[in-house]
1. For 454, 175, 75, what's the largest-to-smallest order of accessible area, 1.4 Å probe?
2. Could you state the accessible area per residue of segment 69-147 in Å², with a 1.4 Å probe and every protein chain left in place?
3. Would you tally the net charge around residue 196, using a Cβ to Cβ cut-off of less than 13 Å, leaving residue 196 out, and scoring K and R as +1, D and E as -1?
4. Give the carbon-plus-sulfur fraction of the accessible surface of segment 79-146 in %, rounded to a whole number; probe 1.4 Å, heavy atoms of protein chains only.
5. By the scheme Lys and Arg +1, Asp and Glu -1, what is the net charge of all other residues having a beta-carbon under 14 Å from that of residue 336?
6. Could you list the chymotrypsin sites (Phe, Trp or Tyr not before Pro) in segment 142-251 that lie in coil according to DSSP, counting only those with at most 16 other Cβ atoms within 10 Å of their Cβ?
7. Once amide H atoms are built 1.01 Å from N in the peptide plane, which residues 5 or more positions from residue 167, or in another chain, come under 5 Å H to H?
8. Give, in nm to one decimal, the length gained when the segment between residue 80 and residue 321 is fully stretched (0.36 nm per residue of separation minus the Cα-Cα distance).
Amino acid sequence: MKKFYKKGHLARRGKRWPALLMSICLIGTMLPVTARAEPDRVVSSNILSDYNTSFEGANDAGDLWWWNDASWGQTNIPRRAYGEAAKPAADCGDYYVQANPANIGDKAQCQIVGEGIAALIKGGKTYEYSYYAKLAEGEIAGTVTLSVIGDWMSSAVVTPDKEVTLNADEWQKVTGTFTLASDASQVVVRFEGTEGVSFCLDDLRVAEEPIPVTLSGVTCGNRAYNAAAYSYTGTPVWKTADGTAVTGETSVTYYKVDNASDDMIAYIPLTAAPTDAGSYQAVFTIISDDYVGTARYSFEITKAPVTVAAKNKSIYVGDAVPSLENPTAGTDYTVTGLCGTDALGGTVSMSYGQEPDNTKAGTYEILISGLTAPEGDNYTLTFTNAELTIATKPSGGGNTDSGGSSGGSAGSAAGGVADQPADSDNTTTTTNKDGSTTTTTTETDANGNTVTTTTTVETDGSTTEKVQANADEIIPGEKLYIYKLNTKTGKYTMVNAGTATVKAVVTLKNGTKKTVKMTIKVN
């Protein structure tokens, strides 16, 4: 059964103030809710217990001499046994009292009159009360009013927690508070019914209202789902209005929060700290006869992100295209973000977005799907596709620190230029106006690619060199892939967009070798 509050209103809950939230029966559709029930006050102690407010004590004649009706006799307030009738509470004992009108048209009345009551109920203090009431058999409707009177003239301010209309079919619990303005030498606690109506009473309890306290030292922060039970941080500290810390056991009750409708919120009580993603409230309550306090904290457990990512693959032109028919985790894809023992459902499926052509360089998207998030609603599942890269196998020759790009001029750019004398037919040297010299050499490497090297010697002796491959080797619209070789591992890695510096040793047709460094910008 869900519990409901109207938005913006929350009731105190605890040993003395357990939350009595309006219960709504759900049959097909949710019934509308327009109001919130007041809290059910629990008075656990009783300063009037010696006055037999449960009606169990009596003399041999069954008289309750400390209770009097308007005629100061017991005739009109007989004690009755529950027998087979249902009691309002398990601790109500075996008897209750029935107050009857003394005469036609009178109001039924009974009251506690005792010498010691004034010593127990003092002026200026607030007391809470509770009792059970119902109408006598055969009565239809009526009410019972509680009043506390000092010295037969000064009435206390009585504040019921809620208005109660009685009937003869069931007991109703009546609660509230009262404050007597000043001390009195005699105090009377009186009950008075509707004119001409008999009513029944049991289990009157009066106690000093607990001192209100507030909570500090606790934090309920949001967190992502991690498959573990939620726990707040800090240590509960209860303090009075003047900042004095008090001792008392603290209970914590968790509620799952659900927006039942536009103007109502459903609070679903949990038996343990929540684990699943959702919106929650933690309700802290001090367990004490002397203090009362409740604190509510809202927090979220957000969904955890889990990513299923296909792994990139690469081959050279002419190699077999990798099969994606039976993908395996770790080899063909990775899963990150799962918590605890949670596992994905479904069956993974991987495919190429377009059938790869391994006769030429190119890239092809690798698609992945099919897996489902674990049971519950605790994850946000994301699939990340990958790429198959088909590259032209780099040309060999010489010791290298890094390789060139696959295909066409990329290999030429990484291949360097001829080491020719300045007076060679394919070499020209020019003296610039600032005194620097520029030497341009055009050479064809072992693969037949034309490479132009421009070397500038500045007046301070520093040298810059630019290597330009034959641009005609790059087909318009074709991608240029740059690979770097790790000489220690022998593995090539593709250079991402940006600027990369490569070094290569190339052998020209005349047998000479030359080491060149180039800065290549990859778009």
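1. Largest to smallest exposure gives the sequence 75, 454, 175.
2. Spelled out: the 1.4 Å probe surface of segment 69-147, per residue, equals 49 Å².
3. Summing Lys and Arg as +1 and Asp and Glu as -1 gives -3.
4. Answer for segment 79-146 is 47 percent, counting heavy atoms of protein chains only.
5. Net local charge, residue 336 excluded: 0.
6. When the chymotrypsin sites (Phe, Trp or Tyr not before Pro) of segment 142-251 are filtered for loop state and at most 16 Cβ neighbours within 10 Å, 152 remain.
7. Answer set, sorted by chain and number: 135.
8. That works out to 77.3 nm of additional length.
The values are calculated or read from the model by the stated rules, or taken from the named source; none is laboratory data. Here the structure is a predicted model, which means the values were calculated and not measured. Because the Cβ atoms are built from the backbone with ideal geometry, glycine has one as well, and the counts that use them run over all protein chains shown. Note: accessible area is taken over every heavy atom of the protein model, side chains too, but ligands, DNA and RNA are not part of it. Shrake-Rupley method; radii C 1.70, N 1.55, O 1.52, S 1.80 Å.
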